[in-house]
Amino acid sequence: MKRLILVYLGLIILTIVSAYASGMEMDQVWIPAGIVMALAAFKFILVVMEYMEMRKAHGIWKFSIVFMAVIAALIVGIFGGVQI
Amino acid sequence: MELTAKIEEQKIDYKSISSPPGGILLWILILLEVFTFGLSLAGLVYYRIQEPELFAQSTAMLNTYLGGLNTVVLLTSGFFMASAVHYFKKGNRSAGINFMLATIITGCAFIVIKWHEYGEKLEVGLGLEENMFFTFYWLLTGFHFIHVVVGLAILLIILLKVKNSNTTTKTEDIEAGAAFWHMCDLLWLLLFPALYLVF
């Protein structure tokens, strides 16, 4: 139970940090976008591994779901923040 | 036959490829859902590259405060659900039921906040056909909204089954319901930053 509470607090802190990061004014716009999506991917992995208990599952399941989250976050983080 | 409700104690080998926590069928569904929403986000990014200014203006019209609040609400409900599964597995049925009830209440809070946000958008005429950004906004958040409603229905059915003293509920059923609910968390964790924060 203590572990679940710590994970929950971590998720809330990461949400606050991503809200702050999204408001950062920078010359390179892709940096805050990249930070926000990296944090989103990290929160996704925390929920999958801890709340959904995938840390106990076979490696192929862990890899599949983490791979998809990372790819989605990379696409949005890199191309979503890029200035044209 | 014992008439008191019980959570069947089962020893599930999660390390086996055919039995991830929540069941193999649900995990295939979760992977497909994440893949589909991921593809939609790729589409969103593609159109953002075509019309960056329009997307920046449209994102600015979204209520980031309500989106952020809904993120916290969903994460809280996810925590309650994980706690419910934890207590059911420990054999503490009443704590499990209470946490499941808290999950459903916070899930309903998400629905109410989202409904309010939809109302705000419609009031100022920001509908599905406003522009490409809002087409994606309504489709992505709309499909997610439906998932949350279905998730709440699933949790309610499981809760009634667990509370009914004449039925036996398998741990796997509760885990499956929880996995579906957490999937709603996962999808929102990708949707919220992509729609509200990045552009």
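Quick notes on this one:
- Within the range B:13-53, being under 26 Å from B:I158 (Cβ atoms), without any contact (Cβ under 8 Å) to a residue 12 or more places away in the chain, more than 7 Å from chain A (Cβ to nearest Cβ) and over 17 Å from the mean Cα position of the chain (by Cα) holds for B:D13, B:S18, B:S19, B:I24, B:L25.
- Of all the numbered requirements in (1) farther than 25 Å from A:L46 by Cα; (2) aliphatic (A, V, I, L, M); (3) more than 13 Å from chain A (Cβ to nearest Cβ), B:A60 misses one, and that requirement is (3).
- Condition met for B:E130 (open to solvent by 20 Å² or more (accessible area, probe 1.4 Å), closer than 30 Å to A:I35 by Cα and not in a helix (DSSP H, G or I)): yes
- Lone qualifier among A:I35, A:I75 - being at the interface with chain B (Cβ under 7 Å from one of its Cβ atoms) and either over 10 Å from the mean Cα position of the chain (by Cα) or at pLDDT below 90 (or both): A:I75
- Given (1) in a helix (DSSP H, G or I); (2) in contact (Cβ under 8 Å) with a residue 24 or more places away in the chain; (3) open to solvent by less than 10 Å² (accessible area, probe 1.4 Å), number of the condition B:L156 does not satisfy: (3)
- Candidates in the range B:88-105 are the residues that are surrounded by 19 or more Cβ atoms within 10 Å (Cβ to Cβ) and in contact with a Phe, Trp or Tyr (Cβ under 6 Å, 6 or more places away or on another chain); of these, the one that is nearest to B:W181 (Cα to Cα) is B:T103.
- Pair list, Cβ under 8 Å, 6 or more apart: the range B:117-146 residue in contact (Cβ under 8 Å) with a residue 40 or more places away in the chain, other residue of a type in the set (V, I, T): B:F133/B:T59
- Residues in the range A:36-78 that are open to solvent by 60 Å² or more (accessible area, probe 1.4 Å) and touching a residue at least 40 places away in the same chain (Cβ under 8 Å): A:I78 alone.
The values are calculated or read from the model by the stated rules, or taken from the named source; none is laboratory data. Remember, it's a predicted structure, so these values are computed and weren't measured experimentally. Please note: Cβ atoms are built from the backbone with ideal geometry, for glycine as well, and neighbour counts cover all protein chains shown. Keep in mind that these areas ignore ligands, DNA and RNA; they rest on the heavy atoms of the full protein, side chains included. Shrake-Rupley method; radii C 1.70, N 1.55, O 1.52, S 1.80 Å.
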